[in-house]
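For reference, the structure is listed below as structure tokens.
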Amino acid sequence: MLRLDGKVVLVTGAGNGLGKEYALAFAERGAKVVVNDLGGSSSGEGQSSRPADEVVQEIKSSGGEAVANYDSVEAGGKIIDFVIKTYGRIDILVHNAGILRDKSIAKMKDEDWDLVHGVHLRSVFLITRVAWAYMVKQKFGRIVTISSSAGIYGNFGQANYSAAKMGVVGLMQTLAVEGKKYNITCNSVAPIAGSRLTRSVMPDEMVDGLKAKYVAPLILWLSHPECKDSGCLFECGAGWIGKLRWERSAGYVVRKRGLPMTLEDVKENWDKICDFSDSHHPTNIHDANAKYYATLEVLDNNDESAIKLNKTSSAPSSSHDIGDSEELEGSFTYSDKDVILYALGVGVSTSQDGHLKFLFEQHEEFCTLPTFAVIPPMEPLLQLVTRCQINGTPIDFTQVLHGEQYVELFEPLPTSGTLQSRSRVVDKLDKGKGAALLVDTNLYKKDGTKVAYQQNVFFVNGSGGFGGPRTSEKMIPVLNSPDRKPDASIAQKTCIDQAALYRLSGDRNPLHISPVFASLAGFDTPILHGLSSYGFAVRHVMKQYCNDDVKLFKSAKVRFSSPVFPGQTIQTDMWKEGDRIYFTCKDLETGKQCLTGGYVDLQTQPTTNNVKLASHKMFTKMEAYVKANPVVSGSVNASYLFNVKKFGKLEAQWTAILKGVSPVFSASPPQKGVHVDCTLTGDDEDFVLLVSGKLNGVEIFRSGRIAVEGQHMVAYKLGALFHNVHNTKAKL
């Protein structure tokens, strides 16, 4: 037998009818019952302690425990104070109290409206508000509000009562949402039973046949700890119980992109708007509002036709659906402005060394970040996914999540131009509750040169169970990082406007800018695009291991694990094994992994151990010049270490001690114990260009192309030396 021993329950309006039956049933199951009843008439007039006292006495005579409370439910928190003072806790609330003041709308007075709403609706708010804190603290609460078929369906002469009874349903649904994390459930019941209230609207024979005891078991079940249902509305009477849900027609989008929506558009499509042949049953606000979100997504992506949104698809219908072997082509023209805007969207900042090569179109090494490759095919990819079917059923775009991303470049991306994309679905995987959609895309220049390949993995919630394969040879896998501490880590705080900035590169999903749409998706605030986080991570890897040389990028794979919010800090942890850099990213504020299974493959770097560096002759010449002109030491009076790289790898070190009358210049690192004032690290060719005067020293140092550590100003003293070395008769 299910018991409620030790639970404290408050039943309002428990002196008669349904309320009395609930109180007796709770006591029979071991609960401690507070029997609340003002003792007034069915219209809310008068007061008497007799009804509550009689119910308490009946409970006690049967061996139960109960106390009477005579306050009006409009006293609200005063009743809860009484319960806490008596029993020390409150576990269950049954909001049963009610009165009737039936009149047609034309004859109803303000007093009739206000009194009915005060008892039926406002009291539920007042009592629950005070009880809520106790339920939250004890991590348990069960609330049942009593509605009515008059509220659900309407009834002549009961405008005040109907509005209040539907009002408690709306309140119940919000309490269910707010109470979920505290183990507080809230449900509504619209009972039908013989009582002093229903006698005014039912024949006597029906009142006598509808016993209150046929309703009480449902109230007890919804109040029991084992019942986890919440946010539900039930009808109950004569031993029958039914659960209600919302039903919505498939609907029809009558607005067309770029055109005004008119009255005539509504009239013309009225039958489609009201067609329930393919209906939907939304269960929460996110589900309900998904249709609006999907409509905006489609209309914002150039679909000019009216779009039918139905039970199986929140995506555009089409004259034909994309088959597994069909390609969808797209064309994307961009300029250096788009390249710069993307770089800003993935965290490049003027506060960083080397930023000019990504942000200044006139820089000698101005280039496009490798992950920019995700931008050109974005619109065709969206169209492809929305037109795809799984087992003959169109995909519900509101259930689509971007799960994984892979990008591979065959040459560095141009800084401007036109790229053609060809995308197709290569496999559909059955993951049980959902499906995985594999989409391959190739990017080409106008002349047909293939510059990039990418694979997107989209997870489609609710589309599994179609009997397809669970794995695919075509899927490029994510890989676990090595089981050791990271070899390197870079942490970077995203700016509060990061998502607002990134979306300007083409992903205009309102989830990333609108608090309303973020809320519909279950987030407190808009989230950062996963592809922006991806761009951050690959940038960190390229900075750490390639000195931002985009020519060394080959490919990058990642899985999106959890969202990042703008303003939070992304930390990329990296492990190097050969030409592969494994990485994961976490949000430092929450500690959650946001990117997992990631890796960047670098171009195989040719060894330079047996090949003379271009700068070797230059440094040899510099060494000879310094030894032949020791006076140069007095004018410089500083010490230097030159780190020479080739393909991102350190290949040579030169030490220059230009102090006193005996300068030292050698092709080796500084001797143990020797401190240098300034360290310069850069590419072999850049050192040649710097000394030859083809690159401006101030600009190259400031941009970070040649990194300077230590005393920065000392680096500028080398200018005269470089000039003199370059202008000696011996050629470099």
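Nothing in this text is a laboratory measurement; each read-out follows from the coordinates by a stated rule. Model, not experiment: these values are computed from the prediction. Virtual Cβ from ideal backbone geometry, glycine too; neighbours counted across all protein chains shown.
Nearest 500 deg cm²/dmol is fine: what mean residue ellipticity at 222 nm does the chain get from its DSSP H runs of n ≥ 4 alone, each adding -39,500 (n - 2.57), divided by its residue count?
Roughly -9000 deg cm²/dmol at 222 nm, from the helical runs in the chain.
Give the Rg (one decimal place) followed by the Dmax (whole number) of the stretch 76-140, computed from C-alpha coordinates and expressed in Å.
Cα radius of gyration and Dmax of the stretch 76-140 are 15.2, 48 Å respectively.
Expressed as a whole number of Å, what is the distance separating the alpha-carbon centroids of the stretch 329-379 and the stretch 519-581?
The distance from the Cα centre of the stretch 519-581 to that of the stretch 329-379 comes to 16 Å.
With contacts defined as alpha carbon pairs under 8 Å and 6 or more residues apart, what's the relative contact order of the stretch 8-244 in percent?
18
Using only the alpha carbons, work out the radius of gyration and Dmax of the stretch 399-525 in angstrom.
In order Rg, Dmax, the Cα atoms of the stretch 399-525 give 18.2, 47 Å.
Can you compute the charge dipole magnitude of the chain about its Cα centre, using +1 on each Lys and Arg Cβ and -1 on each Asp and Glu Cβ, nothing else charged? Give it in debye, rounded to the nearest 20.
In debye, rounded to 20, the chain gives about 1800.
Report Rg (one decimal) and Dmax (nearest whole number) for the stretch 532-683, counting Cα atoms only, units Å.
20.9, 63
Could you sort the peptides 545-551, 61-67, 149-155 by per-residue average Cβ neighbour count (10 Å cutoff), highest mean leading? Spell out each step's value before the answer.
Details: 545-551: 19.3, 61-67: 14.4, 149-155: 16.4.
The peptides rank, most packed first, as 545-551, 149-155, 61-67.
How big, on average over all directions, is the shadow cast by the Cα convex hull of the stretch 1-40, in nm²? Working shown, then result.
Numbers: hull surface 10.3 nm².
If I average the Cα hull's projected area over directions, I get 2.6 nm².
Students often get this wrong, so check it: of K337/K450; K617/K645; K213/K243; K357/K592; K551/K717; K557/K586, which have C-alpha atoms separated by over 21 Å?
Exceeds cut-off: K337/K450; K357/K592; K551/K717.
Just to compare against my own numbers: the Cα pair-distance distribution for the stretch 614-726, 5 Å bins, whole % per bin, please.
Bins of 5 Å from zero give 2, 12, 24, 28, 22, 9, 2, 0 percent of pairs.
Could you tell me what fraction of 2.2 N^0.38 Å the Cα radius of gyration of the stretch 8-244 comes to, as a two-decimal ratio?
0.93
State the extension gain, in nm to one decimal, for the chain segment bounded by K450 and D278, taking 0.36 nm per residue of separation less the distance between their alpha-carbons. Mind showing how you got there, number by number?
Numbers: separation 172, 0.36 × 172 = 61.92 nm, distance 4.45 nm.
Fully extending the segment from K450 to D278 adds 57.5 nm.
Hey, what do the phi angles of the stretch 186-193 turn into as Karplus ³J(HN,Hα) couplings, whole Hz, using 6.51/-1.76/1.60 and θ = phi - 60°, x for Gly and Pro?
Computed from phi, the couplings for the stretch 186-193 are 9, 9, 10, 10, 9, x, 10, 7 Hz.
Can you work out the FRET efficiency for the pair T174 and F410, with r the C-beta to C-beta distance and R0 = 60 Å, to the nearest 0.05?
Numbers: r = 55 Å, r/R0 = 0.91.
Computed FRET efficiency for T174 and F410: 0.65.
Quick check: pseudo-label points 7 Å beyond the Cα along Cα→Cβ at N391 and Q653, how many nm apart are they?
Calculated label separation equals 6.3 nm.
How large is the Kirkwood hydrodynamic radius of the stretch 477-604, in angstrom, based on all distinct alpha carbon pairs? Please report the intermediate quantities before stating the final value.
Numbers: mean 1/r = 0.0665 Å⁻¹.
Result for the stretch 477-604 stands at 15.0 Å.
Between S514 and N727, 0.36 nm times their residue separation minus their Cα-Cα distance comes to what?
70.5 nm
Three principal axis extents, largest first, for the C-alpha atoms of the chain, in Å?
If we take the Cα atoms of the chain, the spans are 121, 62, 48 Å.
With an 8 Å cut-off on Cα pairs and a minimum separation of 6 or more residues, tell me the relative contact order of the chain in percent.
Numbers: 1517 pairs, mean separation 50.0, N = 732.
It rounds to 7 percent for the chain.
Quick one: if the Förster radius is 51 Å, what FRET efficiency do E361 and Y182 give, using the C-beta to C-beta distance and rounding to 0.05?
Numbers: r = 55 Å, r/R0 = 1.09.
Here the calculated transfer efficiency is 0.40.
Can you check what the net charge comes to around Q158, using other residues whose Cβ is under 10 Å from the Cβ of Q158 (Lys, Arg +1; Asp, Glu -1)?
Values: positive: R101, K103, K165; negative: D102.
Combined, the nearby Lys, Arg, Asp and Glu give +2.
Please report, ordered by residue number, every helix of the chain (full DSSP H runs) that is 18 Å or longer along its axis going by C-alpha atoms and whose mean Kyte-Doolittle hydropathy reaches 1.6.
Helices passing the filter in the chain: none found.
Kirkwood hydrodynamic radius, the stretch 512-557, all distinct C-alpha pairs: what's the number in Å?
Answer for the stretch 512-557: a Kirkwood hydrodynamic radius of 12.5 Å.
Measure out, as a whole number of angstrom, how far apart the alpha-carbon centroids of the stretch 135-194 and the stretch 424-496 sit.
Between the Cα centre of the stretch 135-194 and that of the stretch 424-496, the gap is 45 Å.
If Lys and Arg each add +1 and Asp and Glu each add -1, what is the summed charge of the other residues whose beta carbon sits under 14 Å from the beta carbon of R422?
Summing Lys and Arg as +1 and Asp and Glu as -1 gives -1.
Tell me the Kirkwood hydrodynamic radius of the stretch 584-672 in angstroms, computed as one over the mean inverse distance between distinct C-alpha pairs.
About 16.4 Å for the stretch 584-672.
What order, most packed first, do the peptides 334-342, 90-98, 1-9 have when packing is the mean number of other Cβ atoms within 10 Å of each residue?
90-98, 334-342, 1-9
Share of antiparallel DSSP beta bridges in the chain, in percent to the nearest 5?
Close to 75 percent.
Would you kindly give the portion of the calculated P(r) for the stretch 321-474 that falls above 24 Å, as a percent of all Cα pairs?
Working: 4782 of 11781 pairs.
Cα-Cα pairs of the stretch 321-474 separated by over 24 Å account for 41 percent.
Quickly rank 431-440, 531-540 as a protection proxy: mean count of other C-beta atoms within 10 Å, highest first.
The peptides rank, most packed first, as 531-540, 431-440.
Say each of E473 and E247 gets a label point 7 Å from the Cα, pointing the same way as Cα to Cβ; how far apart are those two points in nm?
4.9
Assuming R0 = 41 Å, what is the FRET efficiency of K493 and A288, from their Cβ-Cβ distance, to the nearest 0.05?
0.70
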